[in-house]
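Engineer: This structure is in structure tokens; I'll ask about it shortly.
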Ligand code: ATR
């Protein structure tokens, strides 16, 4: 990659970022299309987030991706939010247009892209989400837009799941159930179970919830790579199909690429870079 006087900086703000595959994916795409961009990982501590966002303007960066733990915290420092980011209350992409910073969230659509790539049809189906944090909200918003028939949210803190349903204005379509090791929710009609939990699926030897009733569901783990959650091992034990979050990583990245560069994303190049 040749760095010249025209090269523009893009990158990832998060903590940690050391193991992120986003730099490989985006730099491979820039190189392939000979775009004058470079993508670097930036480990940004929480108290440095406002300064890091100011640096986007100061350094005239073209845009950045935002990851854990800044997706929600970054919002007050932006000039605008697109509708999806507003609805999710979280941002994973910032685009700098002449100093005006707009926040987007490509996670939900990236998630849907990964499912349609698998030929998985979601319309009018029943889906289950484990968790009610930021990732769960992005996934829930996307699923409601499909639209799915109904959503069941299982969460340790039931109040948080209620907040999620209220924030998405979907009280009638979302039902809520406590996530407990001894609970056996009725999942007979569920065709998709998405794990968004930030902790391993097995805690002190026992699973966070019993999913045996989900007999015809695809098990989708938002995690990928070297830190498996144990959720897909459970799917295998139950004889259910399972996919990890690498497809979502690819597609949220491709959508972020389009927003930041204004160019079509070279999907196969990006996919290869992730492998
Ligand atoms: P993210 O942005 O990745 O979604 P998050 O917003 O911190 O992360 O959400 C973490 C999710 O994991 C939440 O659903 C959280 O449940 P609570 O709302 O009850 O906190 C869930 N989680 C975290 N630790 C957990 C644990 N020990 N047992 C069960 N669920 C847990």
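Engineer: Please indicate, with yes or no, whether at least one residue in segment 180-197 is under 27 Å from residue 105 (Cα atoms), free of Cβ contacts under 8 Å to residues at least 60 places away in the same chain and either under 17 Å from the mean Cα position of the chain (by Cα) or surrounded by 13 or more Cβ atoms within 10 Å (Cβ to Cβ) (or both). Break it down stepwise before answering.
Structural biologist: The initial filter retains those residues of segment 180-197 that are under 27 Å from residue 105 (Cα atoms), namely 190-197.
Next, from what is left, pick out any that are free of Cβ contacts under 8 Å to residues at least 60 places away in the same chain: none.
No; the residues of segment 180-197 include none that is under 27 Å from residue 105 (Cα atoms), free of Cβ contacts under 8 Å to residues at least 60 places away in the same chain and either under 17 Å from the mean Cα position of the chain (by Cα) or surrounded by 13 or more Cβ atoms within 10 Å (Cβ to Cβ) (or both).
Engineer: Considering only residues that are in a helix (DSSP H, G or I) and within 14 Å of the ligand (Cβ to nearest atom), look in segment 207-257 and name the one that is surrounded by the most Cβ atoms within 10 Å (Cβ to Cβ). Write out each step before concluding.
Structural biologist: Just the residues of segment 207-257 that are in a helix (DSSP H, G or I), to begin with: 231-238, 246-257.
Adding the requirement that they be within 14 Å of the ligand (Cβ to nearest atom) leaves 231, 248-249, 252.
Working: 231: 25, 248: 28, 249: 25, 252: 25.
The residue in question is 248.
Engineer: Every residue in segment 73-102 that is within 16 Å of the ligand (Cβ to nearest atom) and farther than 17 Å from residue 142 by Cβ, please.
Structural biologist: Pass one, segment 73-102, residues within 16 Å of the ligand (Cβ to nearest atom): 73-75, 84-85, 87-93.
Result: 73, 74, 75.
Engineer: Here's a follow-up. Answer yes or no as to whether residue 108 is crowded, with 18+ Cβ neighbours inside 10 Å, near the ligand (Cβ under 10 Å from one of its atoms), within 16 Å of residue 192 (Cα to Cα) and in contact (Cβ under 8 Å) with a residue 24 or more places away in the chain. Full working, then the answer.
Structural biologist: Values: crowded, with 18+ Cβ neighbours inside 10 Å: yes; near the ligand (Cβ under 10 Å from one of its atoms): no; within 16 Å of residue 192 (Cα to Cα): yes; in contact (Cβ under 8 Å) with a residue 24 or more places away in the chain: yes.
Against the criterion (crowded, with 18+ Cβ neighbours inside 10 Å, near the ligand (Cβ under 10 Å from one of its atoms), within 16 Å of residue 192 (Cα to Cα) and in contact (Cβ under 8 Å) with a residue 24 or more places away in the chain), residue 108 does not qualify.
Engineer: What's the number of the condition residue 128 fails, among (1) more than 9 Å from the ligand (Cβ to nearest atom); (2) surrounded by fewer than 23 Cβ atoms within 10 Å (Cβ to Cβ); (3) closer than 21 Å to residue 109 by Cβ?
Structural biologist: So the condition that residue 128 fails would be (2).
Engineer: Continuing with the same structure: Can you confirm whether residue 198 is within 14 Å of the ligand (Cβ to nearest atom) and modelled with pLDDT under 95? Walk me through how you get there before you give the answer.
Structural biologist: Working: within 14 Å of the ligand (Cβ to nearest atom): yes; modelled with pLDDT under 95: yes.
Criteria met by residue 198.
Engineer: Name, by its number, the condition in (1) within 16 Å of the ligand (Cβ to nearest atom); (2) under 30 Å from residue 177 (Cβ atoms); (3) part of a loop (DSSP other than H, G, I, E, B); (4) touching a strand residue (DSSP E or B) at 6+ places or on another chain (Cβ under 8 Å) that does not hold for residue 16.
Structural biologist: For residue 16, the exception is condition (2).
Engineer: For residue 162, state whether it is within 16 Å of the ligand (Cβ to nearest atom) and either without any contact (Cβ under 8 Å) to a residue 24 or more places away in the chain or more than 18 Å from the chain's Cα centre (by Cα) (or both).
Structural biologist: Working: within 16 Å of the ligand (Cβ to nearest atom): yes; either without any contact (Cβ under 8 Å) to a residue 24 or more places away in the chain or more than 18 Å from the chain's Cα centre (by Cα) (or both): yes.
Yes.
Engineer: Can you tell me how many residues within segment 171-195 are away from the ligand (no atom under 15 Å from the Cβ) and farther than 30 Å from residue 67 by Cα?
Structural biologist: Total meeting the criteria: 6.
The values are calculated or read from the model by the stated rules, or taken from the named source; none is laboratory data. Predicted model, so just to flag it, every value in this text is computed and none were measured. Don't worry about glycine lacking a Cβ; one is built from the backbone with ideal geometry, like all the others, and counts go over all protein chains shown.
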